[in-house]
Amino acid sequence: MSTATTARPSAHWHPFQHMSAPQAPLVLTDAEGVRVSSADGRSFLDATAGLWFCHAGYGRREIADAAHTQLVRMHAYSTFGDYSNESAERLAERLSGMAPGGPWKVLFTSGGSDGVETAVKYARRYWQALGWPERTVVLSRRDSYHGMHTAGTQLAGIPGNRAGYGPLLTDTALVSRDDIDDLRAAIERTGPERVAAFVCEPVVGAGGVHFPAPGYLKAAEAVCRSHGILFVVDEVVTGMGRAGTWFASEKYGIEPDLLIGAKGLTSGYLPLGAVLVNERAAGPFGEAGGEVFRHGYTYSGHAAAAAAALANLDYLSDHALLAGADRIAARLPELLGGLAGSGVVQSVRTGPAAMAAVQLNAWLLRKDASLTTRAVHAVRAAGVLTRAFASGGLQISPALCATDSELEEIAAGVRKGLSSLL
Ligand code: PLP
């Protein structure tokens, strides 16, 4: 079937897309479960849960109805100062009990990039308030993705996302993704008394789906603790069940000081993120009469978004979708593993979370810059929606409700699409 076309390019400037890209957009109109359909009448399986967010699946009336009820009652009000709303209060309470190492204070944001920006500002402000103004350096890992705000762009370990802006934030440094000695060396080089925080994703997501080396995260936590460095864990992708636990931190046995969540928090029904700060990291901000962290967003604690999040968490619990994530994680190696080393595929990365990368062949990628786009389109023609990482892998991270037969259909579509490229 033909791709939808428009008479002239769309006025919509798509993220990560050339402003005057010649091809017409794929306009999606309806979705149910893990199936999405387009304006030109085609139906697809969604291999990526949108942009990693749709844990509950599409078309969940329970979530939409909860948001609607809140929207018509009081859609939003400021939560600055002592203002609040019932949904935000309930959601903060619930999150505080869900993350390992609590109780937590929860500061709401509009999404993941806001969360990273908040956490980096917090880390610097924390040390200033404690009387250590020289403690400003924030370390992050190569291959990492921390959103697109100024701090997250500066921390990014994906070179293409970081290049071309000059220094956006002073006092940052990258360390190797999985090498604990490199983290130790960077701290020694900088001087531990200058390091404010270390920021990491438990499983690198947009940087290509890289699961941590055994013991790396616990070792990183221990290194941070031994120097008093704030251990900031970005769970925008891995949080809310994708690793089979509410937070991947629990699965990997780590207790962050700050924890960042978004995406699966509402399954994308409305935009919402959160930064969790535990008692240990509350420092001067947690003390009676202590300092105020002068930070927040217009939509921090947005009432309808919080109501959607509460209904989404209920949905994930009621439908045992954390177990669903474990089931998907267990099936992906068997469904995709056979692709490795054949045709255009070099390797397949899987691990203990419902996410994987089908890595295209490095030599072919060097020879043909259009390979990743062609791969995405070929898989789409075979009925599966995915996207390519900058590092040349295809993202597989279905909704946590994907059934075994839907997973098999996704794998078959990926296999069929990629084999058509030969
Ligand atoms: N952190 C991580 C690990 C992410 O993967 C993302 C987005 O993909 C972000 C932060 C930014 O989130 P948002 O796009 O909601 O701002």
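Only the coordinates and a few stated rules stand behind these numbers; no lab work does. Every value quoted in this text rests on a predicted model; they were computed, and no experiment measured them. All Cβ positions, even for glycine, are placed from backbone atoms using ideal geometry, and neighbour counts span all protein chains on display.
Taking all Cα-Cα distances within the chain, those exceeding 40 Å account for 16%.
Short-range pairs are left out: with C-alpha atoms under 8 Å and at least six residues apart, the relative contact order of the chain is 21 percent. Among the GluC sites (Glu not before Pro) found in the range 63-171, those both in a DSSP coil and sparsely packed, with 13 or fewer other Cβ atoms within 10 Å of their Cβ, are Glu134.
For Lys121, the lysines whose Cα falls under 25 Å of its own Cα, not counting residues fewer than eight places away in the same chain, are Lys105, Lys218, Lys263. Looking at the range 93-225, the pairs of alpha carbons with a distance over 24 Å make up 30% of the total. A cut-off under 13 angstrom between Cβ atoms defines the neighbours of Val209, and their net charge, with Lys, Arg +1 and Asp, Glu -1, is +2. Between Val27, Val204, Val348, the Gaussian network model of the chain with springs among Cα atoms under 10 angstrom shows the greatest mean-square fluctuation at Val27. As I understand it, the value is the acute angle between the Cα axis of helix 86-98 and the longest principal axis of the Cα atoms of the chain; what does it come to in degrees, rounded to 10? Compared with the principal axis, the helix lies near 90 degrees.
Got a sec? Charge dipole of the chain, +1 on Cβ for Lys and Arg, -1 for Asp and Glu; which of Ser113, Trp13, Ala402 is way out at the positive end? The residue sitting farthest along the positive end of the dipole is Trp13.
Averaging the Cα positions of each part gives two centres, and for the range 232-296 and the range 161-201 these lie 21 Å apart. Each helix, a run of at least 4 DSSP H residues, gives -39500 (n - 2.57); summed and divided by the residues of the chain, these come to -11500 deg cm²/dmol at 222 nm.
Among Ile180, Ile410, Ile328, the residue with the largest mean-square fluctuation in a Gaussian network model of the chain, with springs joining Cα atoms closer than 10 Å, is Ile180. With N as its number of residues, the range 271-422 has a Cα radius of gyration that, divided by 2.2 N^0.38 Å, comes to 1.41.
I want to verify a result. In a Gaussian network model of the chain, Cα cutoff 10 Å, which of these has the top mean-square fluctuation: Phe231, Phe16, Phe285? Result for the chain, Cα springs under 10 Å: Phe16 fluctuates most.
Taking the Cα atoms only, what angle lies between the long axis of helix 303-318 and the longest principal axis of the chain, rounded to 10 degrees? Approximately 70 degrees, to the nearest 10. Reducing the range 382-422 and the range 308-324 to their Cα centroids gives an inter-centroid distance of 24 Å.
Against the chain, whose longest principal axis is taken from its Cα atoms, helix 61-74 shows a tilt of about 50°.
Once you reduce the range 28-52 and the range 71-94 to the center of their Cα atoms, the two points are 32 Å from each other.
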